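To start, the structure itself, in structure tokens.
The values are calculated or read from the model by the stated rules, or taken from the named source; none is laboratory data. What you see is a predicted model; the values in this text were computed from it and never measured. Backbone-built Cβ (ideal geometry, glycine too); neighbour counts: all protein chains shown. Only protein heavy atoms, including side chains, enter the accessible area calculation; ligands, DNA and RNA are left aside. Shrake-Rupley method; radii C 1.70, N 1.55, O 1.52, S 1.80 Å.
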Amino acid sequence: MGIVKGLKDLNKALDKPQSTGGDGNKARWVKLEDGESVKVRFLQELDPDSPNYIEKNGLGFIAVEHTNPKDYRRKALCSMEDQGKCFGCEQHRKDYKAGWKGRSRLYINVLVDDGKEEPYVAILSQGHSGKTVTPTLIEYAGEMGSITNLMWRIKRTGTKTDTSYTIIPLAKDENAFDSSSLELYKLEETAVRDLPYAEQDAFFAGEQGNDETSSSSSSLDW
């Protein structure tokens, strides 16, 4: 399964060139338009050694996924590490320029305050380039030990391929935030799709009935 957890391995995953998506259970995703911003609270840490880690909430993680370059909805986890073979990796080796390269993506539960409705739980999905929040978030977790003990502001600038996201930490909590009443999404069941190798060809070819993927809603950074 192409899932990476813990700060040590998250940093390795981002540094490692990937030569090598979710079942699509309905979930709410963080979505921003050009110029929009929201306040978010991360409900999961990135490392189990964080002083604020809550076992019940689990960890946010980075997933290495392959996407059909002709249909971004067809996204599944790279299976090379745990199954020893992977349809996406095979397609990438056939043609390195075809768009089948495995790509790293962060998935994590957040509480969103958009100023329009009551705060709600959603899944934040981001790539790992410098135009996303991922590098900043991982660096902050490494330096400060926790990402759940404060609010953050995330802003989107641009559209389509000319899109970037900025993230700013706000004041730390004076009192510990209680997330016990919130229902988090089970990311490994909802955000990503883990397929047996025997089913991967048919899935990427669109021969399976379930078309809804984890979809961060686009083939870009969300």
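I'm trying to understand the selection: among the residues of the range 108-136, which are over 17 Å from Trp152 (Cβ atoms) and open to solvent by less than 60 Å² (accessible area, probe 1.4 Å)?
Gly127, Ser129
Evaluate the range 168-189: report whether one residue or more is over 16 Å from the mean Cα position of the chain (by Cα), buried (at least 17 other Cβ atoms within 10 Å of the Cβ) and within 28 Å of Gly102 (Cα to Cα).
no
Tell me which residues, restricted to the range 78-88, are assigned to a helix (DSSP H, G or I) and in contact with a Phe, Trp or Tyr (Cβ under 8 Å, 6 or more places away or on another chain).
Within the range 78-88, Gln83, Phe87, Gly88 qualify.
Which condition does Val30 not pass, out of (1) under 14 Å from the mean Cα position of the chain (by Cα); (2) over 30 Å from Phe203 (Cα atoms), if it passes all the others?
(2)
Please verify whether Glu174 is out of contact with any Lys or Arg (no Cβ under 8 Å at 6 or more places or on another chain), under 24 Å from Lys75 (Cβ atoms) and of a type in the set (Asp, Glu), treating the condition exactly as stated.
No, not satisfied.
Applying the selection to the range 92-106, what residues are under 20 Å from Gln200 (Cβ atoms) and either open to solvent by 10 Å² or more (accessible area, probe 1.4 Å) or in contact with a Phe, Trp or Tyr (Cβ under 6 Å, 6 or more places away or on another chain) (or both)?
His92, Arg93, Lys94, Asp95, Tyr96, Ala98, Gly99, Trp100, Lys101, Arg103, Arg105, listed by residue number.
How many residues does the range 75-131 hold that are under 30 Å from Leu150 (Cβ atoms) and of a type in the set (Lys, Arg)?
4
Can you tell me which residue in the range 1-40 is modelled with the lowest pLDDT, limited to those that are assigned to a helix (DSSP H, G or I) and over 30 Å from Asp173 (Cβ atoms)?
It comes out as Asp15.
Can you list residue pairs whose Cβ atoms sit under 9 Å apart, with the first residue in the range 62-91 being open to solvent by 60 Å² or more (accessible area, probe 1.4 Å) and among the acidic types (Asp, Glu) and the second being at pLDDT 95 or above and in a strand (DSSP E or B)? Count only pairs 6 or more apart in sequence or on different chains.
Glu81/Val64
Given the criteria charged (D, E, K, R) and open to solvent by 10 Å² or more (accessible area, probe 1.4 Å), does Glu45 qualify?
No: the conditions fail for Glu45.
For residues that are assigned to a loop (DSSP other than H, G, I, E, B) and either out of contact with any helix residue (DSSP H, G or I) (no Cβ under 9 Å at 6 or more places or on another chain) or small (Gly, Ala, Ser) (or both), tally how many sit in the range 108-129.
Going through the range 108-129 one residue at a time, the tally reaches 8.
Do we have Arg105 as modelled with pLDDT of 95 or more, farther than 14 Å from Arg28 by Cα and part of a strand (DSSP E or B) here?
In short, yes.
Just a yes or no: is a residue in the range 156-169 closer than 30 Å to Asp82 by Cα, at pLDDT 95 or above and either in a helix (DSSP H, G or I) or β-branched (Val, Ile, Thr) (or both)?
No: the range 156-169 contains no residue that is closer than 30 Å to Asp82 by Cα, at pLDDT 95 or above and either in a helix (DSSP H, G or I) or β-branched (Val, Ile, Thr) (or both).
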